[in-house]
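Shown next, in structure tokens, is the structure this report addresses.
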Amino acid sequence: MIPICPADDAHVNPVPACVQCRNDDELDFDFDYAYQPIIHLRQRAIYAHEALVRGPNGESAYSVLSRVNDANRYMFDQACRVRAIRGAAGLGIAELLSINFLPNAVYRPEACIRSTFAAARDYGFPIERIIFEVTESEQVMDRPHLVNIFEEYRRFGFRTAIDDFGAGYAGLNLLSEFQPDIIKIDMQLVRDIDTSPPRQAIVSAIVAMCASLEIAVLAEGIETPGERDFLRDAGVDLMQGYLFCKPAFRAIGVVDPASWK
């Protein structure tokens, strides 16, 4: 059963919508989604699917994200949530669904989550199968605000992830204030890790730290068997990248059987 969002139950916890939540304007551009599997290597199973924004005919993410600005950021963020859930439900995705969100578009987490709950209810997608991760295109300047968003989302029953850990805002200071369910190691640390002792030392330290904090580690951007094998031996079970499967436009990606080896 999909729970009711506290923001929608005025008798329990009245939360008036913010000005942006009451804005009925529509985006002046269209977009859709591709879905890329996140695999659990040791279990040889798909763990989740990440919803990746694309143009209406499969164009690049940049073709869409370059049109997001201060005036339409909130509308775009809300539309992303709804379309990602609708697409996943329509495809019959039974695993977890990872959705990127724009923290700079969230004014009040308890009010701005309304459309997500409504979409989950309307399309029959349980909220406990949704992971919210910070999108890599968004630079977060207000860390306390981001921490508050994450804490509220966890309270509502969503899972949380910090994307691009080790790059920019997604570093140790953020992790010290909030411990998500998952951290995604930045792909620049993953690239050629099997031949880079400095990257090996850094990633091994991240894995050990996350083990003590009970945080799952996900390595993204894996392209070679060598990268996969080092990360497997370092204790990373969750992986994502072209080695396993490229994003599938409006479809469920099929993992290459040879990539499990």
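With Kirkwood radius over Cα pairs in Å in mind, check (1) 20.5; (2) 21.5; (3) 19.0 and report the label derived from this structure.
Only one listed value fits the structure, namely (3).
Could you work out which residue, out of Pro109, Pro126, Pro56, moves most in a Gaussian network model of the chain, that is, has the largest mean-square fluctuation with Cα springs under 10 Å?
Answer for the Gaussian network model of the chain: Pro56.
Round to the nearest 10 and give me the degree value, 0 to 90, for the angle of helix 143-156's Cα axis relative to the longest principal axis of the chain.
Rounded to the nearest ten degrees, it is 80.
Between Arg44 and Arg191, how many nm apart are label points set 7 Å from Cα along the C-beta direction?
Each label point lies 7 Å from its Cα, and together they span 3.2 nm.
How many angstrom lie between the C-alpha centres of the range 226-261 and the range 81-133?
Result: 24 Å between the Cα centres.
Summing -39500 (n - 2.57) over the DSSP H runs of n ≥ 4 in the chain and dividing by its residue number, what mean residue ellipticity at 222 nm do you reach, to the nearest 500 deg cm²/dmol? Don't skip to the end; give the middle numbers.
Numbers: 9 runs with 88 residues, N = 261.
Rounded to the nearest 500, the figure is -10000 deg cm²/dmol.
Considering only protein heavy atoms, with the full assembly of protein chains and a 1.4 angstrom probe, order Lys184, Lys261, Lys246 by accessible area, largest first. Each step should come with its number before you reach the end.
On the way: Lys184 0, Lys261 150, Lys246 125 Å².
The most accessible residue leads, giving Lys261, Lys246, Lys184.
Send over a whole-number figure in Å² for the accessible area per residue of the chain, probe 1.4 Å.
Working: 11930 Å² over 261 residues.
Computed with neighbouring chains in place, this is 46 Å² per residue.
Set the Förster distance to 35 Å, then compute FRET efficiency between Glu59 and Ala94 from the Cβ-Cβ distance, nearest 0.05.
Numbers: r = 28 Å, r/R0 = 0.81.
Efficiency, rounded to the nearest 0.05: 0.80.
For Ala201 paired with Ser176, estimate the spin-label separation in nm (one decimal), with each label point 7 Å from Cα along the Cα-to-Cβ line.
2.2
Taking a label point 7 Å from the Cα of Val147 along the Cα→Cβ vector, which residues of the range 171-186 have an amide N closer than 18 Å to it?
Under cut-off, by backbone N: 171-183.
What residue among Ala34, Ala105, Ala205 shows peak mean-square fluctuation when the chain is described by a Gaussian network model with Cα springs under 10 Å?
Fluctuation is largest for Ala205.
So which residue, out of Glu133, Glu214, Glu95, gets the largest mean-square fluctuation from a GNM of the chain using Cα contacts under 10 Å as springs?
Greatest mean-square fluctuation among the candidates belongs to Glu214.
Give the percent of DSSP beta bridges with both residues in the chain that are antiparallel, rounded to the nearest 5. Mind showing how you got there, number by number?
Values: 14 of 36 bridges.
So the antiparallel bridges amount to about 40 percent of the total.
Roll a 1.4 angstrom probe over the protein heavy atoms and tell me the percent of accessible area of the chain that is carbon or sulfur. Mind dumping the intermediate values first?
Values: 6060 of 11930 Å².
That share works out to 51 percent.
Could you tell me what percent of the DSSP beta bridges with both partners in the range 95-222 are antiparallel, to the nearest 5? The partial results should precede the final answer.
Working: 1 of 16 bridges.
If we restrict to bridges inside the range 95-222, about 5 percent are antiparallel.
At a probe radius of 1.4 Å, what is the per-residue accessible area of Arg121, in Å² to the nearest 10?
Near enough 140 Å² of accessible area.
The values are calculated or read from the model by the stated rules, or taken from the named source; none is laboratory data. The model shown is predicted, which means the values in this text are computed figures rather than measured ones. Positions of Cβ are backbone-derived with ideal geometry, glycine not excepted, and every protein chain shown enters the neighbour counts. Accessible surface is based on the protein model in full, side chains and every heavy atom, while ligands, DNA and RNA are left aside. Shrake-Rupley method; radii C 1.70, N 1.55, O 1.52, S 1.80 Å.
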